[in-house]
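Below is one structure, written out as structure tokens, with a few remarks after it.
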There are 2 protein chains.
Amino acid sequence: MAVTHLQCRACKAQYELDARYVCERCFGPLEAAFDHSRLGGDVGELRRRIQGGPQNMWRYADFLPTVEGPPGPSGRLASRVGLPAGCTPLIRADRLAQRLGLREVWVKNDAANPTHSFKDRVVSVAAARARELGFGVLACASTGNLANAVAAHGAALGLETYVLIPADLEEQKILATGVYGARVVAVQGGYDEVNRLCTEISAEREWAFVNINLRPYYAEGSKTLAFEIAEQLGWELPDRCVVPIASGSLYTKLAKGFEEWRQLGLLEGELPRMNGAQAQGCAPVANAFAAGQEVCRPVKPDTIAKSLAIGTPADGPYALDLARASGGAVDSVTEEEIREGIALLAQTTGIFTETAGGVTTAVLAKLAARGDIDPSERVVLLITGEGLKTLDAVRGTFETTVIEPSFEAFEAFEARVHAPAAARAR
Amino acid sequence: MAVTHLQCRACKAQYELDARYVCERCFGPLEAAFDHSRLGGDVGELRRRIQGGPQNMWRYADFLPTVEGPPGPSGRLASRVGLPAGCTPLIRADRLAQRLGLREVWVKNDAANPTHSFKDRVVSVAAARARELGFGVLACASTGNLANAVAAHGAALGLETYVLIPADLEEQKILATGVYGARVVAVQGGYDEVNRLCTEISAEREWAFVNINLRPYYAEGSKTLAFEIAEQLGWELPDRCVVPIASGSLYTKLAKGFEEWRQLGLLEGELPRMNGAQAQGCAPVANAFAAGQEVCRPVKPDTIAKSLAIGTPADGPYALDLARASGGAVDSVTEEEIREGIALLAQTTGIFTETAGGVTTAVLAKLAARGDIDPSERVVLLITGEGLKTLDAVRGTFETTVIEPSFEAFEAFEARVHAPAAARAR
């Protein structure tokens, strides 16, 4: 396998591939390091190996920090046991592009994952590594999507599961966690309090907290989104990606995925411009970007985009670097713009996204209106979660008419709405 | 293309491929007829053509009643414009099999479709044919899942959309329809009243009602589930399928799909035993099967499995024939068994299904307990919809504990639940 060790992002100290996430020397964050020369083969062979893999994210096992390797000829190892994530659709959105005055927009719809968010990717990697390391309990601190994913993957693998969430979480996300038999613990406080408590528990229990002590493995799962986008575009890079920012991990790992493949020769050309998207009610990275700062000032989240409501983004400084280095930006949008973004995406593509996707769609609309996007660009819009999980954002945005079960009642309804189609009646 | 004409299932009268569904001579239902010899090529060539197609149900375009043909080399025609359905996961469910004392169970998870039910398949075909025939308005009578699918596909294709639903439908399904900009009309009455009204409207308006005047095209979409299952099993037939029955269309078309491929030599061996699954609160087909009758007596539905709540199943007699001819059966389960089925599937596979999947899982459990399934059998369980759409069925089935954000509070919680993991604390 290509993964070799864990390494501190700050001081470069090296560690073995066990369950740790903080550098003992400088307290910097640890990251998985790879030696891709171990893979062998030229570009053609690497591509053929990927294309011959399973129709899920384990086709990219060579580039992930698990040591088992890709599934064998039976495909059983990691792909068919457990809950396969990834290989979600990349859809050309001509009607959306037209509405925004753009030429080529693609929507990467990660709501098609097993628990309907991109978190299935990161949890797949963390859970696989947790099993390799012999853990019997899977756990997490979550704003909702991660809770669903950890509970589901834990059930699929037969692991005991603990999920800690903020007490005010949407009921949809709580029900879609408890159904898997997970122990659901609602903590009085916001995500930042939940996360602090989980960090404390992780020091006292031999549990695999996917986004704490397993974080170096977990985070690499996001790279599979970059790999898929490039493979689905015919082994080409997009010109621009619009990506939600919560902790900043997805945003930065997406770029890392593109870069790894570029260095290997699997992709050619410039890295895409990376546009980050936040809600104004929780915009520490967008605020720092606008102010020209290198670190983020913590904020107290207040937004309907709960899956992005992290007031102290761990990867904030790395996200700011990336936005500037790639020629992108980090923008924020209002609650009203989020709702409009959900409706715009649904009405032009047939894709119903949760509030986080309303944030990315609204930022894309803002970039287009501002003239930041060249007409020749190929843009990829990331949709990371499902509308059924945040139905409150849609309630009251349209009208339902109740009628009696008769044709006369239907004709009266048509007359009221002045339906253009009525003119086409026989 | 292989599709040649529409044909009456009763008197065999032939009609052109336009928007009609009833035989003018005997009032029997019309069905699409195919001449597969038009496809040319041997088995190897047919398989290679499928494998070279897009990663969605349009890889089976040769076997569907649209005349455009499969997408060209650009893949743009039917697969990338619009909302691609199909190619959902077939997952080996060893933990579920073990729990039921079976050897080999596979779960076909059609909740992975764009609007999270198998209805995306039938709507894809009906919408494609509606465009070919020049319709500007897409419409349907729906118990919910179909409403979501018609609204989403209409939005993706830029068609005006009318959706008629029973007035007491779950709010989740109404919100996930209106968001796409569809005109949502709630009819006072059950599905059977809604269907009657839509039949009347379809005679008065030049609209494409996917499940009325487009029904012969729509229904064929279900065959893609059979094609995918066989392809995902390595071009082999399963020994048994457990399938939900509402109108009976999915159940019978699944068998038709297997049979078409068997006749073409794409598959070998016996057709699978076909087990139908209904809720006791709406079990016209299961009741007729148990009584040894050839037709179904209409019932007034009363069940939480609303997507199966059709009291007058149009394909009832064909479903009864199939159950008997294939060596299968049609069983029904209680509301409590449906809830237990949802929990059993979630806790052993990580898949969260709507009530209809609770029905099929509960019927599988019943067949296993009854000893109807031979240990050597390869069984496929159909999951046709998503748990997020019927959350009411899960509410109150588990406990959530609220704690203060402190390690002491967490330890007290652990002590209360006597978590076995606590013994593993350091």
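The values are calculated or read from the model by the stated rules, or taken from the named source; none is laboratory data. Remember, predicted model here, so these are calculated numbers, not experimental data. Note that each Cβ is placed from the backbone with ideal geometry, even for glycine, and that neighbours are counted across all protein chains shown. Just so you know, the surface numbers come from the protein's heavy atoms only, side chains and all, with ligands and any DNA or RNA stripped out. Shrake-Rupley method; radii C 1.70, N 1.55, O 1.52, S 1.80 Å.
The requirement of being touching a Ser or Thr at 6+ places or on another chain (Cβ under 9 Å), within 29 Å of B:GLU270 (Cα to Cα) and crowded, with 18+ Cβ neighbours inside 10 Å is satisfied by B:ASP315. Residues in segment A:254-269 that are part of a loop (DSSP other than H, G, I, E, B), open to solvent by 10 Å² or more (accessible area, probe 1.4 Å) and in contact (Cβ under 8 Å) with a residue 60 or more places away in the chain: A:LEU264, A:GLY265.
For segment A:270-284, the set of residues classified as touching a Phe, Trp or Tyr at 6+ places or on another chain (Cβ under 6 Å) and buried (at least 23 other Cβ atoms within 10 Å of the Cβ) consists of A:GLY276 only. Scanning segment B:1-42 for residues that are assigned to a helix (DSSP H, G or I) and in contact with a helix residue (DSSP H, G or I) (Cβ under 8 Å, 6 or more places away or on another chain), we see that the one that is farthest from B:SER249 (Cα to Cα) is B:LEU39. Among the residues of segment B:79-114, write down those that are part of a loop (DSSP other than H, G, I, E, B), over 19 Å from the mean Cα position of the chain (by Cα) and more than 10 Å from chain A (Cβ to nearest Cβ). Scanning segment B:79-114 gives B:GLY101, B:LEU102, B:ARG103. Does segment A:149-192 hold any residues that are among the acidic types (Asp, Glu) and more than 7 Å from chain B (Cβ to nearest Cβ), and which are they? Those that are among the acidic types (Asp, Glu) and more than 7 Å from chain B (Cβ to nearest Cβ): A:ASP168, A:GLU170, A:GLU171, A:ASP192. Across segment B:384-426, the qualifying residues are those that are open to solvent by 60 Å² or more (accessible area, probe 1.4 Å), facing chain A (nearest Cβ under 7 Å) and not in a loop (DSSP other than H, G, I, E, B), and the one among them that is modelled with the highest pLDDT is B:VAL402. Output the residues belonging to segment B:198-228 that are within 14 Å of chain A (Cβ to nearest Cβ), over 20 Å from A:ALA409 (Cβ atoms) and of a type in the set (A, V, I, L, M). Selection gives B:ALA208 alone. Within the option set B:SER142, B:SER117, being modelled with pLDDT under 95, open to solvent by less than 10 Å² (accessible area, probe 1.4 Å) and more than 10 Å from every other protein chain (Cβ to nearest Cβ) holds for one residue only, B:SER142. Just one of the numbered conditions (1) closer than 26 Å to B:GLY158 by Cα; (2) within 11 Å of chain B (Cβ to nearest Cβ) is not true of A:VAL137: (1).
Quick grid of which residues meet (1) assigned to a helix (DSSP H, G or I); (2) without any contact (Cβ under 8 Å) to a residue 40 or more places away in the chain:
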site	(1), (2)
A:PHE227	yes, no
A:ALA230	yes, yes
A:TRP235	no, no
A:THR252	yes, no
A:LEU271	no, no
A:GLN278	no, no
A:PHE289	yes, no
A:ARG297	no, yes
A:LYS300	no, no
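For segment A:244-253, does any single residue satisfy the condition of being crowded, with 19+ Cβ neighbours inside 10 Å, within 28 Å of A:SER142 (Cβ to Cβ) and of a type in the set (D, E, K, R)? Scanning segment A:244-253, I find at least one residue that is crowded, with 19+ Cβ neighbours inside 10 Å, within 28 Å of A:SER142 (Cβ to Cβ) and of a type in the set (D, E, K, R), so the answer is yes. Tallying residues that are assigned to a loop (DSSP other than H, G, I, E, B) and either within 17 Å of the chain's Cα centre (by Cα) or modelled with pLDDT of 95 or more (or both) within segment A:305-322 yields 6. Looking at segment A:404-421, is at least one residue within 23 Å of the chain's Cα centre (by Cα) and of a type in the set (Ser, Thr, Tyr)? No, there is no match, as no residue in segment A:404-421 is within 23 Å of the chain's Cα centre (by Cα) and of a type in the set (Ser, Thr, Tyr). For B:PRO284, the criteria (1) touching a residue at least 60 places away in the same chain (Cβ under 8 Å); (2) in contact with a Pro (Cβ under 7 Å, 6 or more places away or on another chain) hold in every case but one, which is (1).
Which one of A:GLY358, A:GLY341 is within 14 Å of another protein chain (Cβ to nearest Cβ), buried (at least 22 other Cβ atoms within 10 Å of the Cβ) and either touching a Lys or Arg at 6+ places or on another chain (Cβ under 9 Å) or assigned to a loop (DSSP other than H, G, I, E, B) (or both)?
Unique residue meeting the criteria: A:GLY358.
Of everything in segment B:48-65 that's under 14 Å from A:ILE91 (Cβ atoms) and polar (S, T, N, Q), which residue is most open to solvent (accessible area, probe 1.4 Å)? So, considering only residues that are under 14 Å from A:ILE91 (Cβ atoms) and polar (S, T, N, Q), the one most open to solvent (accessible area, probe 1.4 Å) is B:GLN55. Scan segment A:323-337 for residues that are within 17 Å of the chain's Cα centre (by Cα) and either in a helix (DSSP H, G or I) or not β-branched (Val, Ile, Thr) (or both) and the total you get is 0. Taking the criterion of being under 17 Å from A:ALA208 (Cβ atoms) and without any contact (Cβ under 8 Å) to a residue 24 or more places away in the chain, the residues of segment A:16-36 that qualify are A:GLU16, A:VAL22.
The residues in segment B:361-376 that are open to solvent by 60 Å² or more (accessible area, probe 1.4 Å) and outside any helix (DSSP H, G or I) can be counted, and the count is 4. Residue under question is B:LEU381, and the condition is that it be open to solvent by less than 30 Å² (accessible area, probe 1.4 Å) and in a helix (DSSP H, G or I); does it hold? Here the answer is no, as B:LEU381 does not meet what is asked.
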